[in-house]
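Bear in mind that the values in this text are calculations on the coordinates, not laboratory data. Everything numeric here is computed off the predicted structure, so don't read it as measured data. Cβ atoms come from the backbone with ideal geometry, glycine included; neighbour counts cover every protein chain shown.
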Amino acid sequence: MTARAATLFREHLGDPTGAVVARAPGRVNLIGEHTDYNDGFVLPTIIDREVEVVARKRPDRQVRIVAADLEERRENNLDHPIDYANSGWLPYVLGVVHELAQRGRIESGADIVFRGTVPRGAGLSSSAALEVATALALDTAFNLWLNPVEMARLCRDVEHRYAGVRCGIMDQFASRLGRSDHALLIDCRSLDARHVPLALDGHRMVIVDSGIRRELADSAYNQRRTECEEAVTILHEADASIISLRDVTPEMILGHENLLPPDLFARCRHVVSENHRVLEACERLANGDLPAFGRLMNASHLSLRNDFEVSHPALDRLVEEANQIDGVLGARLTGAGFGGCTVNLVAEAALPAFEQKIEPLVDDWSTQSIVIGTPEQARVTEVIA
Ligand code: GLA
């Protein structure tokens, strides 16, 4: 993102005076997968890859959007609903504008240019970063004063309504509220969150992209969510106190095993055990017990592979190979699964060995690996004078 934001805007959409520049980071989830939409716990952290949005209010109801990296341009009028099917990035930007208009927060359209460095479709929340950066820019441009949690929820709703993915709130919440050098423990039921210092003591979090892609809107993600809901319906009949998988204890699930078909039982066992792992991982991190943190990452991967069945042979291979390297404390798939990335806890001294062993497993190491450096939190960086 070299050219100045003002130049970028002028190149594509004219006079940048008054345009707001906002940036939001992607995220990697350290532990707590498929727990967010079950009212559970997650522990993501932001990464040093981000999306930049430059947005300017318009006097009429037109919306013009330019995806600078892709050299694509779309135009729409706020009064004309649009069919988002197979429309790539469009729902994450135009969806935010439409949602704000529908909620009566804005009455006019906007000119928007965006670009970014978050790998697309890799499970590092490029879409959440785009939504959050768009919402932040519009928030300042239209003087909305949305609070951060409200903004994360709005962006999550955009994903449901315009992109057709029934995701939880983790990605948008992490992108909006995450801080550098901290993991964010989110209670996805109350939406209380705590910044946990990521004191890695001579270790680094390394992300490896398997290169396998799938659209989140693929039925598989939504299907897992439906399976969890089906399990809750069954468990609720047996115990009215259960209104989400968050309410299920290990004892309860074992006690109700006979009520659930085997695949639903396995899905529940993953969610219930994963919630415990997240809370334990936070404690271990706070106590500086990184080997224990790594073991929890490994256990999480096995549970996602065997019980939640969202892994992929390429991800399993990356995790297995990583764990054979001295100095790797843990590895797991991160994000929705079915492809995308792994996250690895690696001693700094073992980084060369890690690269040597894992590099041959991906096509292009320079673009498919990220050693998390110093990310910056979501922010408005400039109002162009
Ligand atoms: C995707 C979703 C999140 C979460 C993860 C799985 O990233 O957007 O809400 O459900 O998958 O943990």
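What length, rounded to one decimal in nm, is gained on full extension from Arg161 through to Arg225, with 0.36 nm per residue of separation minus their alpha-carbon distance?
Working: separation 64, 0.36 × 64 = 23.04 nm, distance 1.59 nm.
Once the chain is fully extended between Arg161 and Arg225, it gains 21.4 nm.
Among Tyr92, Tyr84, Tyr37, whose mean-square fluctuation peaks in a Gaussian network model of the chain (Cα, cutoff 10 Å)?
Among Tyr92, Tyr84, Tyr37, the largest mean-square fluctuation in the Gaussian network model of the chain belongs to Tyr84.
Apply the membrane-span-like helix rule to the chain: whole DSSP H runs, Cα extent along the own long axis of at least 18 Å, mean Kyte-Doolittle hydropathy at least -0.5. List the helices found.
Correct list, ordered by number: 126-141, 262-286, 290-306.
Tell me, in nm to one decimal, what length is gained between Ser87 and Glu11 on full extension, where the rule is 0.36 nm per residue of separation less the Cα-Cα distance? Present the calculation step by step, with values, prior to reporting the outcome.
On the way: separation 76, 0.36 × 76 = 27.36 nm, distance 2.37 nm.
That works out to 25.0 nm of additional length.
Once you put a point 7 Å from the Cα of Ser180 and another 7 Å from the Cα of Arg213, both along the Cβ direction, what distance in nm separates them?
3.1
Gap in Å between the Cα centre of the range 257-315 and the Cα centre of the range 95-115?
A separation of 39 Å, based on Cα centres.
Considering the chain as a Gaussian network with a 10 Å cut-off on Cα pairs, which listed residue, Gly88, Gly40, Gly168, attains the greatest mean-square fluctuation?
Checking each option, the largest mean-square fluctuation is seen for Gly88.
Given labels modelled 7 Å from the Cα in the Cβ direction, how far is it in nm from Asp239 to Ala353?
In this crude spin-label approximation the distance works out to 4.4 nm.
Among Ser190, Ser127, Ser303, which one shows the highest mean-square fluctuation when the chain is modelled as a Gaussian network with alpha-carbon springs under 10 Å?
Top of the fluctuation ranking is Ser190.
Based on Cβ point charges of +1 for Lys and Arg and -1 for Asp and Glu, what charge dipole magnitude is obtained for the chain about its Cα centre, in debye rounded to the nearest 20? List each step's numbers first, then the result.
Numbers: 40 positive and 57 negative charges, 186 e Å.
About 900 debye.
Please give, to one decimal in nm, the separation of the simple spin-label points placed at Gln62 and Asn323, each 7 Å out from Cα toward the Cβ.
Here the answer is 5.7 nm between the modelled labels.
Treating the Cα atoms of the range 301-340 as identical point scatterers in vacuum, please give the log10 of the normalised Debye intensity I(q)/I(0) at q = 0.16, 0.17, 0.22, 0.35 Å⁻¹, two decimals.
-0.35, -0.40, -0.63, -1.21
Compare the Cα positions of Asn258, Pro313, Val96 along the charge dipole of the chain (+1 at Cβ of Lys, Arg; -1 at Cβ of Asp, Glu; about the Cα centre) and return the one farthest towards the positive end.
Ranked along the dipole, the leading option is Val96.
What per residue convex hull volume, in Å³, do the alpha-carbon atoms of the range 75-173 yield? All intermediate terms of the calculation are to be shown ahead of the outcome.
Values: hull volume 9.7 nm³, N = 99.
Output value, Cα hull per residue: 98 Å³.
Which whole number in µm²/s is D for the range 229-383 by Stokes-Einstein, with the Kirkwood Rh taken over Cα pairs at 20 °C and 1.002 mPa s?
Numbers: Rh = 17.7 Å.
Estimated via Stokes-Einstein, D reaches 121 µm²/s.
Quick check on the range 114-153: take the gyration tensor over C-alpha atoms, sort the square-rooted eigenvalues as a ≥ b ≥ c, and tell me if it's rounded (a/c under 1.5), prolate or oblate. Present the calculation step by step, with values, prior to reporting the outcome.
On the way: a/c = 4.64, a/b = 1.86, b/c = 2.50.
It comes out oblate by the Cα gyration axes.
Can you say what percent of the DSSP beta bridges in the chain, counting only those with both residues inside, are antiparallel? Round to 5. All intermediate terms of the calculation are to be shown ahead of the outcome.
Working: 51 of 56 bridges.
Bridges in the chain are about 90 percent antiparallel.
Computed on alpha carbon atoms, what radius of gyration and Dmax characterise the chain, expressed in Å?
21.0, 66
When you have a sec, figure out the Kirkwood radius of the range 1-140 from all distinct Cα pair distances and drop it here in Å to one decimal? Walk me through the intermediate numbers first.
Values: mean 1/r = 0.0638 Å⁻¹.
That comes to 15.7 Å for the range 1-140.
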